[in-house]
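Asks: Below: one structure in structure tokens.
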Amino acid sequence: MAVPTGEPPLGALLAPEPDERPDLWPSTLRRGDDGALVVGGRSLTEILDAAPTPVFVLDEADLRGRAATWASAMFEEFWPDYGMAGGDAYYAGKAFLTTRVARDVLAEGMGIDTASRVELAVGLRALDQLSGGDGAEAEGLDPAHATRLGLHGNGKTEAEIRTALAHRVGHLVLDSADEVALAASAVRSLREVGEYAPDETGQVMVRLTTGIHAGGHEYISTAHEDQKFGISVASGTALAVCRAVVDAPELELHGLHSHIGSQIMDLAGFRKAVGVVLRLRHEVAASTGWLCPEIDLGGGYGIAYTGADPVPPSPQHVARTLADAVRSVCAELGDAVPHVSIEPGRSVVGPTTITLYTVTGLKTVELGEGASRLYVSVDGGMSDNIRPALYDAAYTALVANHRPDPAVEPVRARVVGKHCESGDVVVRDVDLPADLAVGDVLAVPATGAYGRSMASNYNLFTRPGVAWVSGGEQGWLIRPETIDDLLRLEGEE
């Protein structure tokens, strides 16, 4: 088999085995004695007996370990005895959130960043359970003062803002001047009903558009203002909004928030963003006398999805890079160092997950000049159209039910769902064994990051469930939807 001109040679797109690229796969993933994958102490057969394909599988021990690593890295690098003011890692709920996931990351020392009342409710419920509610073991967390939760997102309603303020979330990130007015109104309302003391203020942060946009290894642009979220620093609007917060008797400017992109492997953009954010903080202090105590540098830290992707920077490297930048800029400005937060959601959950699909059909398509491509149909649809559409990103796939025979030549393949259209390509290009057969199982890594929440082809595929595995045990995080569930949504009997 030949590949079309300009494509990588055969074998170049083979999925790495777990021992070849451990950063790409859940940490407990390995080949069993029979050659099939084992994850979380569960063999592939055991997993699929309880959770048939298509199914997302999350390695819970790996999730907790990665959450602890991020929390520890920020704690250590921003330790006050190092001349810093503390550091936190907030799990970005949009990456993947259930109550159990929320409990896991909170228990390991992370906060949770939410973007809706539903996500915030999940975080509050997890805090309640960790505090002893619902019969859970108490761990000293108070859900009435949810300082380890945050709420941001576009176009927040007054009800969402009031809910966040009522629970005293640690990060209420305002995205516009209108939201400043809504927050002040919500505090007045809470004072009137006695939920706030007469002189109590609501702590808020202001989200900035810094003029920096980074993604992967792309060029870092300056004066980049055409973004759907944040308030422009370059135009002076961000300074005006910060002044309005400081002047509002109902509010306290707790911090400044910055987000510069997604799937970032090169930390240069974050170093530039630190300078922009801290210089605005300095300017606000010079104008109002108030030096806000915290900055949040957002998320977007990249992970590997294929063997061609670079190994991403470690949490320790990220934290140390940011700490060095914060320390340097604050020394230049003569300002006290702020508390620093980041939001590495994708980097926590992405590598802990795989999706398992069963091969349902094989078709060789001749492309001319001796080139061909094997189309591999599977029993599920594409779960994440955002990354391929926005970042020209790719996934890979590994045969899960047996170890590929190295003596068998690979073929260039495309893994597709039943629609087989651009939005239904699970893996665009991957090299799979030529003896691949109907009934084989494929494992696609890193699909937990944004995957299920953006599942497509809902008219054709009911969304798969999410199984957790850990220590040889297994259960459902989210039960799979059935055809009956879909029909009920459409009002049919």
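Asks: Could you check how many residues of the range 158-213 are part of a helix (DSSP H, G or I) and of a type in the set (Lys, Arg)? Quick ask: steps written out before the conclusion?
Replies: Going through the range 158-213, the residues part of a helix (DSSP H, G or I) turn out to be 158-166, 177-192.
After this cut, where a residue has to be of a type in the set (Lys, Arg) as well, the list is 162, 188, 191.
So the count comes out to 3.
Asks: State which residue pairs qualify: first residue under 17 Å from Ala71 (Cα atoms) and inside the range 97-126, second residue open to solvent by 10 Å² or more (accessible area, probe 1.4 Å) and of a type in the set (D, E, K, R) in any location, beta carbons under 6 Å apart, and separation of 6 or more residues or different chains.
Replies: Listed by first residue and then by second, the contacts come to Asp104/Arg64; Glu108/Arg64; Gly111/Asp88; Gly111/Arg148; Asp113/Glu343.
Asks: Go through (1) at pLDDT below 95; (2) farther than 25 Å from Leu37 by Cβ and name the single condition Val349 misses.
Replies: Condition not satisfied by Val349: (2).
Asks: Okay, moving on. If you check Ala223 against the conditions, is it modelled with pLDDT under 95, over 25 Å from the mean Cα position of the chain (by Cα) and not in a loop (DSSP other than H, G, I, E, B)?
Replies: Values: modelled with pLDDT under 95: yes; over 25 Å from the mean Cα position of the chain (by Cα): yes; not in a loop (DSSP other than H, G, I, E, B): yes.
Considered against the rule, which asks whether it is modelled with pLDDT under 95, over 25 Å from the mean Cα position of the chain (by Cα) and not in a loop (DSSP other than H, G, I, E, B), Ala223 comes out as yes.
Asks: Okay, moving on. Can you report the number of residues in the range 435-461 which are modelled with pLDDT under 90, surrounded by fewer than 17 Cβ atoms within 10 Å (Cβ to Cβ) and farther than 25 Å from Asp23 by Cα?
Replies: Keep residues of the range 435-461 that are modelled with pLDDT under 90, which gives 446-461.
Filter once more, so that each one left must be surrounded by fewer than 17 Cβ atoms within 10 Å (Cβ to Cβ): 453-454, 458-460.
Now restrict to residues that are farther than 25 Å from Asp23 by Cα: 458-460.
Qualifying residue count for the region: 3.
Asks: Next question. Restricting attention to the range 418-430, does a residue exist that is modelled with pLDDT of 90 or more and open to solvent by 30 Å² or more (accessible area, probe 1.4 Å)?
Replies: So far as the range 418-430 goes, yes, one or more of its residues are modelled with pLDDT of 90 or more and open to solvent by 30 Å² or more (accessible area, probe 1.4 Å).
Asks: A follow-up question, please. Counting only residues that are among the aliphatic types (A, V, I, L, M) and open to solvent by 10 Å² or more (accessible area, probe 1.4 Å), which one in the range 82-99 is modelled with the lowest pLDDT?
Replies: Quick first cut of the range 82-99, residues among the aliphatic types (A, V, I, L, M) only: 84-85, 89, 92, 95, 97.
Retained after the next criterion (residues that are open to solvent by 10 Å² or more (accessible area, probe 1.4 Å)): 84-85, 97.
On the way: Met84: 97, Ala85: 97, Leu97: 89.
By that ranking, first place goes to Leu97.
Asks: Continuing with the same structure: Show the residue pairs that are 6+ apart or on different chains and have beta-carbon atoms under 7 Å apart, the first residue being within the range 187-208 and touching a residue at least 60 places away in the same chain (Cβ under 8 Å) and open to solvent by 40 Å² or more (accessible area, probe 1.4 Å), the second being assigned to a loop (DSSP other than H, G, I, E, B) and not small (Gly, Ala, Ser).
Replies: Hits for this filter: Arg188/Glu250.
Asks: Is it the case that some residue within the range 57-74 is within 30 Å of Arg412 (Cα to Cα), open to solvent by 30 Å² or more (accessible area, probe 1.4 Å) and under 26 Å from the mean Cα position of the chain (by Cα)? Spell out how you get there, then give the answer.
Replies: Our first condition is that a residue be within 30 Å of Arg412 (Cα to Cα); within the range 57-74, this holds for 57-59.
Applying the additional criterion that residues be open to solvent by 30 Å² or more (accessible area, probe 1.4 Å) yields none.
No, there is no match, as no residue in the range 57-74 is within 30 Å of Arg412 (Cα to Cα), open to solvent by 30 Å² or more (accessible area, probe 1.4 Å) and under 26 Å from the mean Cα position of the chain (by Cα).
Asks: Any chance the range 143-155 includes a residue that's of a type in the set (S, T, N, Q), modelled with pLDDT of 90 or more and touching a Gly at 6+ places or on another chain (Cβ under 7 Å)? Talk me through it step by step, then tell me what you get.
Replies: Going residue by residue through the range 143-155, those that are of a type in the set (S, T, N, Q) are 147, 154.
Add one more test, that the residue is modelled with pLDDT of 90 or more, and what stays is 147.
Filter once more, so that each one left must be touching a Gly at 6+ places or on another chain (Cβ under 7 Å): 147.
Yes, the range 143-155 contains a residue that is of a type in the set (S, T, N, Q), modelled with pLDDT of 90 or more and touching a Gly at 6+ places or on another chain (Cβ under 7 Å).
Asks: Could you say which residue among Ala238, Ala234, Ala177, Ala183 is at pLDDT 95 or above and either under 24 Å from Ala146 (Cβ atoms) or surrounded by fewer than 17 Cβ atoms within 10 Å (Cβ to Cβ) (or both)? Don't jump to the end; show me each part of the working.
Replies: On the way: Ala238 fails: either under 24 Å from Ala146 (Cβ atoms) or surrounded by fewer than 17 Cβ atoms within 10 Å (Cβ to Cβ) (or both); Ala234 fails: at pLDDT 95 or above; Ala177 fails: at pLDDT 95 or above.
The conditions single out Ala183.
Asks: Look through Ala73, Ala67 and report the one residue that is in contact with an Asp or Glu (Cβ under 6 Å, 6 or more places away or on another chain) and under 22 Å from Asp104 (Cα atoms). Step through it out loud before you land on a result.
Replies: Working: Ala73 fails: in contact with an Asp or Glu (Cβ under 6 Å, 6 or more places away or on another chain).
Only one candidate qualifies: Ala67.
Asks: Something else: Report the residue count in the range 4-59 for those that are closer than 13 Å to Pro351 by Cβ and not small (Gly, Ala, Ser). If you could, list the steps in order and put the result at the bottom.
Replies: From the range 4-59, those closer than 13 Å to Pro351 by Cβ are 16, 18, 21-29, 39, 57-59; that's our starting set.
Filter once more, keeping what is not small (Gly, Ala, Ser): 16, 18, 21-26, 28-29, 39, 57-59.
Qualifying residue count, the range 4-59: 14.
Asks: Next question, about the same structure. Of all residues being surrounded by fewer than 23 Cβ atoms within 10 Å (Cβ to Cβ) and either charged (D, E, K, R) or in a helix (DSSP H, G or I) (or both) in the range 251-277, which is farthest from the chain's Cα centre (by Cα)? Just the residue, please.
Replies: Glu252
Asks: Scan (1) open to solvent by 40 Å² or more (accessible area, probe 1.4 Å); (2) within 25 Å of the chain's Cα centre (by Cα) for the single condition Tyr301 breaks and write down its number.
Replies: Among (1) open to solvent by 40 Å² or more (accessible area, probe 1.4 Å); (2) within 25 Å of the chain's Cα centre (by Cα), Tyr301 violates only (1).
Asks: Restricting the search to the range 33-72, which residues are within 30 Å of Asp405 (Cβ to Cβ) and among the basic types (Lys, Arg)? Outline the logic, then answer.
Replies: Quick first cut of the range 33-72, residues within 30 Å of Asp405 (Cβ to Cβ) only: 33-59, 62.
Scanning the range 33-72 gives a single hit, Arg42.
Asks: Is there any pair linking a residue in the range 406-431 that is polar (S, T, N, Q) to one that is in a strand (DSSP E or B) and at pLDDT 90 or above, with Cβ under 6 Å and at least six apart or on different chains, and which?
Replies: No pair meets every condition.
Asks: Find all pairs meeting these conditions: Cβ atoms under 8 angstrom apart; at least six residues apart or on different chains; first residue within the range 281-292 and more than 10 Å from Arg243 (Cβ to Cβ); second residue β-branched (Val, Ile, Thr).
Replies: Taking only residues 6 or more apart or on different chains, the pairs are Arg281/Ile295; Leu291/Val284; Cys292/Val284.
The values are calculated or read from the model by the stated rules, or taken from the named source; none is laboratory data. This one's a predicted model, so the numbers in the text were calculated from it and none came from an experiment. All Cβ positions, even for glycine, are placed from backbone atoms using ideal geometry, and neighbour counts span all protein chains on display. For the accessible areas, the whole protein counts, side chains as well, though only heavy atoms, and no ligand, DNA or RNA atoms are used. Shrake-Rupley method; radii C 1.70, N 1.55, O 1.52, S 1.80 Å.
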